[in-house]
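Novice: This is the structure I have questions about; it appears just below.
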Amino acid sequence: MEPVIFLVFMHLPDGGPVIQGVRSQYTEGDWVDITCISRKSKPPTHLSFTVNKQKVIPGWVEPQINREDKEGLTSSSLRMRFSLLPRLLRDGYARVHCKAVIPDLYEKTAEDVISTTAPYQASVLGGGVITVFGRDHNSNSDTKRVSVNSIPE
């Protein structure tokens, strides 16, 4: 009897998950409606949310949707909706994480910040460097240095 060989095709997502729908500012009690997306994998990724590193209430999360394309790769999305209650806020912020997992093969996490503080607006006459405190989503830094050029009158 000849041995049987099984070939399993796998494709890991090219990048990590992405959180969509986060607004620049919220007020306590606002509805937060966000979606986590992981694109093109086989097998599909399993998505999950946490808020401030705590598991979320199951009623906040809708069932995961998996859509297979013509190449057999699956894009997955998970929607979460909840009221921004004061108990969720730490100094005006709540940190939301979405984890994408293919067991024993792949695990990546996306983070975003739900903020109740107003976005910063600077009016500067002349040039210089100012420091703006807030969240820089690209570098995960809490402080951003900004160069400001003179604006001709």
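The values are calculated or read from the model by the stated rules, or taken from the named source; none is laboratory data. As the structure is a prediction and not an experimental result, all values here were calculated from the model. Cβ: placed from backbone, ideal geometry, glycine included. Neighbour counts: every protein chain shown.
Novice: Only one of these conditions is not met by Asp33: (1) assigned by TED's automatic domain parsing to the domain that holds Asp112; (2) surrounded by fewer than 16 Cβ atoms within 10 Å (Cβ to Cβ); (3) in a loop (DSSP other than H, G, I, E, B). Which number is it?
Specialist: (3)
Novice: Condition test on Ile114, is it in the same structural domain as Ser24 (by TED's automatic domain parsing), over 25 Å from Ser24 (Cα atoms) and β-branched (Val, Ile, Thr)?
Specialist: No: the conditions fail for Ile114.
Novice: Something else about it: Name the single residue, out of those in segment 45-67 being in contact with a strand residue (DSSP E or B) (Cβ under 9 Å, 6 or more places away or on another chain), without any contact (Cβ under 8 Å) to a residue 12 or more places away in the chain and part of a strand (DSSP E or B), that is farthest from Ala94 (Cα to Cα).
Specialist: Arg67
Novice: Among the numbered conditions (1) surrounded by fewer than 15 Cβ atoms within 10 Å (Cβ to Cβ); (2) within 18 Å of Lys108 (Cα to Cα), tell me where Thr45 comes up short.
Specialist: Answer for Thr45: the failing condition is (1).
Novice: Here is a further query. Mind checking whether some residue in segment 1-16 is part of a strand (DSSP E or B) and within 19 Å of His97 (Cβ to Cβ)? Working first, answer last.
Specialist: First, the residues of segment 1-16 that are part of a strand (DSSP E or B): 11.
With within 19 Å of His97 (Cβ to Cβ) added as a condition, the list becomes none.
Checked against the condition, which is being part of a strand (DSSP E or B) and within 19 Å of His97 (Cβ to Cβ), segment 1-16 yields no hits at all.
Novice: Out of segment 17-44, which residues are in contact (Cβ under 8 Å) with a residue 60 or more places away in the chain, more than 23 Å from Ser115 (Cα to Cα) and within 15 Å of the chain's Cα centre (by Cα)? If you could, list the steps in order and put the result at the bottom.
Specialist: The initial filter retains those residues of segment 17-44 that are in contact (Cβ under 8 Å) with a residue 60 or more places away in the chain, namely 17-19, 22, 24-28, 32, 34, 36, 38, 41.
Among the residues that remain, those that are also more than 23 Å from Ser115 (Cα to Cα) are: 38, 41.
The answer is Ser38, and nothing else.
Novice: Quick check: anything in segment 137-147 of a type in the set (S, T, N, Q), at pLDDT below 50, touching a Gly at 6+ places or on another chain (Cβ under 9 Å) and part of a strand (DSSP E or B)?
Specialist: Filtering segment 137-147 for residues of a type in the set (S, T, N, Q) gives 138-141, 143, 147.
Filter once more, keeping what is at pLDDT below 50: 138-141, 143, 147.
From what's left, touching a Gly at 6+ places or on another chain (Cβ under 9 Å): 143, 147.
Those left that are additionally part of a strand (DSSP E or B): 143, 147.
There is at least one residue in segment 137-147 that is of a type in the set (S, T, N, Q), at pLDDT below 50, touching a Gly at 6+ places or on another chain (Cβ under 9 Å) and part of a strand (DSSP E or B).
Novice: If I filter segment 85-93 for residues that are more than 18 Å from Thr27 (Cβ to Cβ), in contact with a strand residue (DSSP E or B) (Cβ under 7 Å, 6 or more places away or on another chain) and either surrounded by fewer than 18 Cβ atoms within 10 Å (Cβ to Cβ) or at pLDDT 95 or above (or both), do I get at least one hit?
Specialist: No: segment 85-93 contains no residue that is more than 18 Å from Thr27 (Cβ to Cβ), in contact with a strand residue (DSSP E or B) (Cβ under 7 Å, 6 or more places away or on another chain) and either surrounded by fewer than 18 Cβ atoms within 10 Å (Cβ to Cβ) or at pLDDT 95 or above (or both).
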